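Notes to accompany the following structure.
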Amino acid sequence: MSQAPRRVGIIGGGVAGLTAAYRLLQRGHEVHVFEAGDSWGGLVRTFDVGGGRLECFYHHIFTTDTTIVALLRELGLSPRLVWRDSKVGIYYQGRLYPFVTPIDLLRFTPVGLVDRVRLGLMGLYLRRQSDGQRFQSVTAREWVSRFAGERNWQVVWGPLFRGKFGDMGDQVSMIWLWNKVRLRFSSRRGGPLQKEVLGYLLGSFGLMVDELVARVRALGGHLHASTPVERVAVDDGRATGLRLASGTFVPCDAVVATVANRIFLRLVPELPEDYAALCQGIPYQDALCMVLALRRPLSRFYWLNISDRSFPFLALVEHTNFIGPENYGGHHVLYISNYLEKGHPYFAMSEEELWAEYRPYLALINPEFDDSWVVGRWVFRGPDAQPVFTVENAGKVPPHRTPITGLYLANMSQIFPEDRGQNYSIRLGEQVASLVAQDLASVSAYVI
């Protein structure tokens, strides 16, 4: 006997949704992917700069991101994956400080020598802790202030947490920072005393999305762009299909949602209160990214953290200090990065209005900066881009299998204690595909 193919409906055509579709098709199931937007890849969607392809939101990977490395190998894209030394800096009180090596740390004069040593010891200590559970019930602010000193929190970590998590920055669990520090140290070539190494797919990570789309189609998958889902149909405690915004009903044997929790709750009002509470308990920050194409580089850094609360943005990511400008028609590419709460006034601003807010601060980074440097300017918005894991919600993650039979959830709120990234989107897609396949195999639906 052989297992009869079952129909799986997937909501969301980002990296997690496409990966899940690919794996389920490989197992012989019929798969339909429904994407509300007109393009595939979610936060990995791309656009053209100087004849080169670029992500709307900056992307790189770490040497520890083994899931995406394995997928790129499977997709035949490994030859395009390059590894380069990272150039990280901190802007503080009008000065740019390199912040990569132990020597850089010792030269970071905004904190005293003793605090610099404490900050270095903190990194070494966290790197050696294999189990982060001990950090789950304490805030990063409390732990860092106690271990490395209040000055290090105020100058180095506090501005970054407030920039990334907003008013919730002081509530974020230390387990998040533990994991982040271990990841960054592990991505250093030759050990913790060497420079950090990051990976990038020449031609953009959009090539990975393209290849996933091509393989899904080649395996008989059905991709429906510009097709929003209005409701997950539930009958007697089981997901039975999808009701599209057009009114069409698509019957399904299983449904996988890869959308953010707030959207998922709207699509499935029948969810039991306890599961819904887990979804509601994880807040998100939205991403706002302005991208500039410049005639000249703004700085020598790839990643410049802004440790100044008066600045209207979190970080400057100068992509062409990582991947050369020759890939983008000679233009220098700069991302101006922000994570903001929903409803923040910046999201309602036009590109021109946002530029008026940001532009004066670029001159503080480089006094020579002039509007004549700007060749192109774009703004991209990413709702629900960053889940926030506080002490209160740390570890309270909704499982992939929901209480509704045949309904699954796979999104960034379930990566705890990891930080968001393509590697974990792929891992989510593979994990949920495996669960769906297992459950469908256990159902008595076989043909002779």
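Only the coordinates and a few stated rules stand behind these numbers; no lab work does. Fair warning: this is a prediction, and the values are worked out from it, not measured in the lab. So basically every Cβ, Gly included, is an ideal-geometry build from the backbone, and we count neighbours across all protein chains shown.
Descriptive notes on the structure:
- Cβ-defined net charge surrounding Arg134, 14 Å radius [Lys, Arg +1; Asp, Glu -1]: +1
- Overall form of the range 266-425 per C-alpha gyration tensor (a/c, 1.5; a/b vs b/c): prolate
- Here the Karplus curve 6.51 cos²θ - 1.76 cosθ + 1.60, taken at θ = phi - 60°, turns the phi angles of the range 389-394 into couplings of 9, 8, 4, 5, 9, 4 Hz, with x standing for Gly and Pro.
- If you plug the beta carbon distance of Val114 and Thr63 into 1/(1 + (r/R0)^6) with R0 = 41 Å, you get a FRET efficiency near 0.80.
- Top positive-direction residue, dipole computed over the range 284-387 with Cβ charges, set Ile365, Phe347, Trp303: Trp303
- Cα shape, the range 133-237, gyration tensor, a/c 1.5 rule: oblate
- Using 0.36 nm per residue and subtracting the Cα-Cα separation, the extra length available between Leu96 and Asn366 on full extension is 96.2 nm.
- Calculated FRET efficiency for the pair Tyr125/Ala214, C-beta based, R₀ 41 Å, to 0.05: 0.35
- Taking Lys and Arg as +1 and Asp and Glu as -1, the other residues whose beta-carbon sits under 15 Å from that of Ala36 total +2.
- Lys/Arg +1, Asp/Glu -1 at C-beta; the range 179-279 dipole; positive extreme among Cys252, Ala239, Met208: Met208
- Other-chain or far-sequence residues with amide H under 5 Å of Val49's (modelled H): Leu54
- The range 101-194: C-alpha gyration tensor shape, a/c 1.5 cut-off, then a/b vs b/c: oblate
- Per-residue Cβ neighbour rank within 10 angstrom, fewest leading, Asp286, Asp308: Asp308, Asp286
- Averaged over residues, the count of other Cβ atoms within 10 Å places the peptides 363-370, 42-49 in the sequence 42-49, 363-370, highest first.
- Proximal charge balance of Glu230 [Cβ under 11 Å; K/R count +1, D/E count -1]: +3
- Here the range 266-371 is treated with +1 on each Lys and Arg Cβ and -1 on each Asp and Glu Cβ, and its dipole about the Cα centre works out to around 320 debye.
- Cα-centred dipole magnitude for the range 101-194, charges only on beta-carbon of K, R (+1) and D, E (-1), debye, nearest 20: 380
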